[in-house]
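Structure first, commentary second.
The values are calculated or read from the model by the stated rules, or taken from the named source; none is laboratory data. Source: prediction; values computed, not measured. Positions of Cβ are backbone-derived with ideal geometry, glycine not excepted, and every protein chain shown enters the neighbour counts. Heavy atoms of the whole protein, side chains included, go into the accessibility calculation; ligands, DNA and RNA do not. Shrake-Rupley method; radii C 1.70, N 1.55, O 1.52, S 1.80 Å.
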Amino acid sequence: MPVQKSKPLVRPNRNPRRPRSKAPTGGRPETVEQRRERIVRMAAPLFLKKGYDNVSIDQIISVVGGSKATIYAWFGGKDGLFEAVVRQKCLDVTTTIDVDTKGSLEAQLTRIGSSFLAMVLSPPILEFHRLMVSIGRTFPEAGQLFFESGPVSAYSIVASWIAKHQKDGRIADEDPYRLAVLFLDMLIGEHQLGWLTSMPRAARREKVDETVRIAVKVFLRGCAADR
């Protein structure tokens, strides 16, 4: 079904309370939230493989089960389900960013960088990134949702970590969001581009670790608070 540009993708989540359904493998019944997440996660590979335009509601039903009524009631249709997929994939990345404040600044920032890259360079997220780049021009609402739920959220998480240490007087008093952008962008460039252009050697484990180590060193040297 062609995308209607006049009908924006972003819409309020529709998640009415319904009776619990049985889990597909038996055992404890699924909650509505669990069932909804399972549908989203099962639909995601279909969108990643075929793209948005080439996936129909019938194909979605054949994969996730249930009925069209369920898809429309819970997601408002294919576009709402795709929105949920975008949000879930972005959440998978942002929730893995390790911003634990234990240890030295170097140790903390190394954990942030390593945890971020591990998820961003994982095959499912790389495929998701390819999809979002490919449809961004023809489906700008999806591109906006991806940017705000993914990159902006990741930058904001790291910016909050930076702001906390600015209050402690350990990091220079610059815009924490801009500092977060600079740090995360130092990490992903070569490695992500290498995978996206079918040159995975650029993202070998030892090279990724070296990038994190050097980026942490450069960032802390440039942003250390004046004593």
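If I filter region 134-141 for residues that are of a type in the set (D, E, K, R) and in contact with a helix residue (DSSP H, G or I) (Cβ under 6 Å, 6 or more places away or on another chain), do I get at least one hit? Checked against the condition, which is being of a type in the set (D, E, K, R) and in contact with a helix residue (DSSP H, G or I) (Cβ under 6 Å, 6 or more places away or on another chain), region 134-141 yields no hits at all. Given the condition at pLDDT below 75, of a type in the set (A, V, I, L, M, F, W, C) and open to solvent by less than 40 Å² (accessible area, probe 1.4 Å), answer yes or no: does some residue in region 162-174 qualify? Among the residues of region 162-174, not one is at pLDDT below 75, of a type in the set (A, V, I, L, M, F, W, C) and open to solvent by less than 40 Å² (accessible area, probe 1.4 Å), which makes the answer no.
Quick one: in region 120-130, which of the residues that are open to solvent by less than 50 Å² (accessible area, probe 1.4 Å) and either without any contact (Cβ under 8 Å) to a residue 60 or more places away in the chain or of a type in the set (S, T, N, Q) (or both) is farthest from residue 41 (Cα to Cα)?
Residues of region 120-130 that are open to solvent by less than 50 Å² (accessible area, probe 1.4 Å), as a first pass: 120-122, 125-126, 128-129.
When the remaining residues are screened for being either without any contact (Cβ under 8 Å) to a residue 60 or more places away in the chain or of a type in the set (S, T, N, Q) (or both), the result is 122, 125.
Details: 122: 16, 125: 13 Å.
My answer is 122.
When you scan region 189-199, do you find a residue that is assigned to a helix (DSSP H, G or I), at pLDDT 85 or above and not hydroxyl-bearing (Ser, Thr, Tyr), even just one?
no
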